[in-house]
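Presented below is the structure to which this report refers.
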Amino acid sequence: MVVECAVSIDDYNGGMRGRGKSVMTLSQARKRNAHRVALNLESESLGSNFCEHLARILEPYRKPAEVLEVEGAATANGLGGSSAAGISTRHQHPGQFPPSVHTVWGAADEGEGCQVMVRYQRADSIGCIMLGQEWIVSPADDLIQRLRLEYGKDKVVLSYK
Amino acid sequence: MSENLPNPPFAHLRLHTEFSINDGIVTIKPLIVRLRELSMPAVAITDLANMFSLIKFYTGSLNAGIKPVCGCDVLVESDDGSKQTRLVLLVKNEVGYLSLTKLISELYTENPSQSEPSVCKSQLAGRVDGLIALSGAQNSDIGLALLADEKDLAKELLAEWEQLFPQSFYLELQRVGKAEEEDYIDAAVALAIETNSPVVATNDVRFIDQDDFDAHEVRVCINERRTLDDSRRPHNYTDQQYLKTRDEMGELFSDIPEALENSWEIVKRCNLSLVLDKPCLPNYPVPEGMDMEQYFSELSSDGLRERLRSLYGDDYETKDVEKPYWERLEFELGVINQMGFAGYFLIVMEFIQWSKDNDIPVGPGRGSGAGSIVAYALRITDLDPLKYDLLFERFLNPERVSMPDFDVDFCIEGRDRVIAHVAELYGKDAVSQIITFGTMAAKAVVRDVARVQGKPYMLADKLSKLIPFEPGMTLKKAFEVEPLLGEFVDSDEDAQEIMEMAYKLEGITRNVGKHAGGVVIAPTKLTDFTPLYCDESGQGLVTQFDKNDVETAGLVKFDFLGLRTLTIIDCAVKMINARAGEGEPPVDITKLPLTDESVYRLLQKGKTTAIFQLESRGMKDLIKRQVPSSFEDIIALVALFRPGPLQSGMVDDFIDRKHGRTQVVYPHAELEPVLGNTYGVILYQEQVMQIAQVLANYSLAGADILRKAMGKKNPEVMAKQRSLFQEGAEARGIDADLAASIFDLMEKFAGYGFNKSHSAAYALVSYQTAWLKTHHPACFMAAVLTAEMQNTDKIVTLIDECRSMQLVIVPPDINRGQFNFTVNEKDEIVYGLGAIKGLGEGPVGSILAAREEGPFTNLLDICQRVDTQNVNKRTMEALVRSGALDNMVEGDLDYARALLSALLPQAMQAAEQSSRNQASGVEDMFGEIAPAGTEDADLSASNITVRAWAEQHRLKVEKDTLGLWLSGHPIDEFLDELSHITKNRLVNLRPERGPQTIAGVLHSIRTMKNKVGDTIAFLVLDDSSARFEFSLFAKEYEKYREDATQRCDHGGGVRGKHR
């Protein structure tokens, strides 16, 4: 629970007293403030179908097409060069989101969503791959948990504005 | 009575009250009121096979000028056991009362396994002296014979009954609208004429008003666990079974006026005069050649010498301290002996000593008994009454004869043994526990009624949950304090229907139970005083009269109360002494100096969780303000922390005076010795008494009467006392105005005054626990945790407290834990395996037994060695989830628990196979019993791929099994992330001008209404560094309530996946 709270001295017992202004869940706070989900991955721990797998995980949390309308689609902005850069072209299903997607993006305070960044490391090189705009996802609890379960809890890092 | 007698006179002689349990909803007070309204000057109560209501009925009706006829409705079994018929027995006189008491008691004690206690006709001979019998109308054996047209048999049976009840047997006639009623009446009247036997009319009353019939049907269904529309439900009652008027009965039996007249004849023949309110003390066996008083006085003197020795040393005689003690002893002995209570004191002394000798902890005192030096000398209490100004007259007043009443606290676990010992000593016929009556309370009656009416369970559940859980809650009160209840009932027709009926049945007696600690000891047989009752297993002998009635009937009650704190102290002291190094003296909790500064420092910091009487939130606040620095301060705390003193400003005054913020002034200089300990504030009842003694020459006995009068606020008595006080003050030369104003002051404070004897005795227990917490924190907390093992909420708070006390908690471990919480050689608290949900004494016992051969090495080893009868899959799962098996595999917690969980089915199967092989003698090639599957299941971690549990999942199942998070905190995973959202952890939170963002797991919510009636919620956040409480005002509260409540219910996780 994340709380906006006024904290003052309690004259009665000398301790502190709080008066809450607003209360939200961590998920809501994330949606408002997080802007990037970074995955720190090592080549040896990845399966051969890593790209498809990651796409399946991200899919339900993608920003719906109508949100993307004005932003246009962009391809992945690869910095180090990797096969992962192909995700965006192979898995485009605009407008075909499962119903749950709309609940993820349903509330008014959804924020702008998070870009997904894969920081990839192998014996001979390191690189960051920023997934394209069409892979902007809602940083819902379930997604973050799923990613952590999949790649390890310390491998998934959220960045805040 | 006689000049107003109606013509024809009639009295109801067959009536079931609510105490018949199976049926009847007549309650006694309204019955008496109605009888007066109907000018019916007599009535009989004939409950089914019990006399539960007899004393209430007897005293209540006599007070209202109505003649009580006592009786019973009994089931009679034919000698061949084939038929059960009814018989009404009415008490003619004292002999009949004893006959009935004995007969009804034996229904239970001689044949407890009967579900419907009945008596055989042949067993009645010689046991019904002084009783009148009504035949039982068409449900009697005669009635059945008549309806079967077996007139000769009926005649024969009648002759038998008349022989059993010479001149005292009546053929009973009823017209309540049942089938075959008139056939029976015709035949019965004919039989009566033929045999010249008397007839009597009854109305088999079950309720007062005809309108109550429906409520009665519901009551019967509740008892029979049926619904109203159950097609197989017997319809045994009619709407005519109400308390009919004389005229109605006259009209109904206008053809048989004798039947009405005979009811009055019977009333005239029944004249029972009970001796009530005259306590008959049990006898204490004294040595031959001594009388009780002499023996008692000697024991008391010897006891006092012992006490003086331990208070002032063996040479106390040289110290000029003993005089006041001996004077007090002599005075008390005089009073006690003169009042005839020596036996009572000796009995209490005996069972307390027995308990102490048999390792059953006993409290240092409770209630006003601690004011007696005789009790102190006889070791009934453990507090020097002179040292703390505790007054004997508050306990026993020679000017106001009342029974002494020692309430004694025992360790809960030993209490039943003490009761068994008392029964053994005074004879099983003379000792019993006391009945209690369970009534249909608000929450339950709503559920019961809804079920009987066939309403949906969800509806009943919702209604019942809307009624606040609070002792003494009534439906009326619930509607007042919970507006949602009214709103809901208004909006739902079914709910209205339930409520209407629930109102009618609320408070009706529903079942009987056993009073937790009350024991009566009779000087002769119990049945000379009270009928007895016991449950179907033959266990739990209780009196049929409840705790007040049993005393009215002349028995003396002893209260054996259970106090968990005594168990805790005992357990802690045993642990401490078992761990004590060589040469270290053992701790004797009864000999602690009450001046230990470190104990007071602990209290002053408000670290009083788990300290007896001082641990509530409000008390902690009070302690921080009062800053206790002496034992007297602790006594005052116990007395101050009550609504009266808190609301009246007495507490603020006390604290300001203690800290010198307000000047300590005494109403009169002579009162300084009386009020000095409380800084001039009148806090104790004893002080009120002493003021009257010091200023107005009252004797302490007279002062006790004054104190009582002040508490009761009877204007007449007060006026009398006021002039007495003023006269006394004047005689001592005290100014009249001052005397009057002091009297006013006393009057004001007497209402809030607290019994210092009780306060002091309980303060001693508080001090003992505080001492243990200060000097032996690990043992003390382990003992407290053990005592609260089954109470998960408490465990959570206590583990928190341990953490804040910097005590290390060794998490559950199958190789280290005992059943209880224990302390290891490093002073760490080892988690008790018994505190894991799903592990009772059986499973833990099996584990510990198996562990005696050596520690467990792996999962299969456990499965093979423990007794699978006791330790099943669920138990093993609970062990895994709690973390108790973490050390059985390598790897971090999430991986270890996932792996163990995955391996468990295999391991259990392999163990079973192995034990089957063993049973059938299958051997492997080396001649050993084949440990089938060992190689697969054992350490097969390398063959199995498991994904580690998510941290949140681990914590969630841990909380499910332990009630708390032990291996981490759900917030740990998010701390890094939260550092971007919040500025500070809760522990570093500081007041700031503007709002700040804080985060944590929702720990708890409580709500209150503010002055304008808005609901305010107080939420506690926990981020593992600290907890912080904040309020959310009505508007915000409403907005977030649903979300917040939901989160708390789910264990307070901040995220959703594993909730």
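The values are calculated or read from the model by the stated rules, or taken from the named source; none is laboratory data. Just so it is clear, the structure is predicted and the values come from calculations on it, not from any experiment. Here the Cβ is made from the backbone with ideal geometry for all residues, glycine too, and neighbour counts use every protein chain on show. Ligands, DNA and RNA are stripped out before the accessible areas are found, and what is left, the full protein with its side chains, is counted by its heavy atoms. Shrake-Rupley method; radii C 1.70, N 1.55, O 1.52, S 1.80 Å.
Structure data summary
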{"quantity": "Mean separation of Cα contacts under 8 Å, 6 or more apart, over the residue count of chain B: relative contact order %", "calculated": "8"}
{"quantity": "The protein assembly as shown: C-alpha gyration tensor shape, a/c 1.5 cut-off, then a/b vs b/c", "calculated": "prolate"}
{"quantity": "Protein accessible area in chain B, 1.4 Å probe - carbon and sulfur %", "calculated": "48"}
{"quantity": "Ranked packing of B:297-304, B:369-376, B:986-993, most packed first, by mean Cβ within 10 Å", "calculated": "B:369-376, B:297-304, B:986-993"}
{"quantity": "Test item: Cα-centred dipole of segment B:133-275, Lys/Arg +1 and Asp/Glu -1 on Cβ, debye", "calculated": "600"}
{"quantity": "Average beta carbon contacts from partner chains per residue of B:947-958, 10 Å cutoff", "calculated": "2"}
{"quantity": "Solvent-accessible area per residue for segment B:809-882 (1.4 angstrom probe, square angstrom)", "calculated": "43"}
{"quantity": "Cα centroid separation, segment B:233-251 to segment B:876-895 (Å)", "calculated": "69"}
{"quantity": "Estimated buried accessible area (total), pair A and B, 1.4 Å, Å² to nearest 100", "calculated": "3400"}
{"quantity": "Neighbour cut-off at most 14 other Cβ (10 Å), DSSP loop, GluC sites (Glu not before Pro), segment B:92-145", "calculated": "B:110"}
{"quantity": "About the Cα centre, charge dipole magnitude for segment B:797-858 (Lys/Arg +1, Asp/Glu -1 at Cβ), debye", "calculated": "140"}
{"quantity": "Global geometry of chain B, whether rounded, prolate or oblate, following the gyration tensor of its Cα atoms and the 1.5 cut on a/c", "calculated": "oblate"}
{"quantity": "Charge dipole (the protein assembly as shown, unit charges on Cβ, about Cα centre) - positive-most of B:581, B:705, A:15", "calculated": "A:15"}
{"quantity": "Residue B:193 - accessible surface, heavy atoms, 1.4 Å probe, Å² rounded to 10", "calculated": "130"}
{"quantity": "DSSP-loop chymotrypsin sites (Phe, Trp or Tyr not before Pro) across segment B:218-294, with at most 10 other Cβ within 10 angstrom", "calculated": "none"}
{"quantity": "Close Lys-Lys pairs in segment B:552-694, where close means Cα under 14 Å and separation is 8 or more or interchain", "calculated": "5"}
{"quantity": "Where trypsin sites (Lys or Arg not before Pro) fall in DSSP loop in segment B:562-631, at most 16 other Cβ within 10 Å", "calculated": "B:605"}
{"quantity": "Charge-dipole axis of segment B:55-151 as Lys and Arg at +1 and Asp and Glu at -1 on Cβ define it, positive-most pick from B:122, B:90, B:145", "calculated": "B:90"}
{"quantity": "Solvent-accessible area per residue for segment B:632-730 (1.4 angstrom probe, square angstrom)", "calculated": "42"}
{"quantity": "Cβ neighbours within 10 Å from other chains - mean over A:28-34", "calculated": "3"}
{"quantity": "Segment B:419-526, relative contact order [Cα under 8 Å, separation at least 6], %", "calculated": "49"}
{"quantity": "Partners for residue B:244 among aspartates and glutamates (Cα-Cα distance below 14 Å; same-chain residues under 8 apart left out)", "calculated": "B:37, B:204, B:209, B:211, B:212"}
{"quantity": "Partner lysines for residue B:323 [C-alpha distance under 18 Å; skip if fewer than 8 residues away on the same chain]", "calculated": "B:387"}
{"quantity": "Residue order for A:26, B:646, B:700 - accessible surface, 1.4 angstrom probe, largest first", "calculated": "B:646, B:700, A:26"}
{"quantity": "Segment B:827-905: C-alpha gyration tensor shape, a/c 1.5 cut-off, then a/b vs b/c", "calculated": "rounded"}
{"quantity": "Average Cα contact separation per residue, segment B:693-783, under 8 Å, 6 or more apart, as relative contact order %", "calculated": "25"}
{"quantity": "Segment B:337-357 and segment B:565-637: distance between their alpha carbon centers, rounded to Å", "calculated": "30"}
{"quantity": "Nearest-20 debye value, the protein assembly as shown charge dipole, Cβ charges on Lys, Arg, Asp, Glu", "calculated": "4240"}
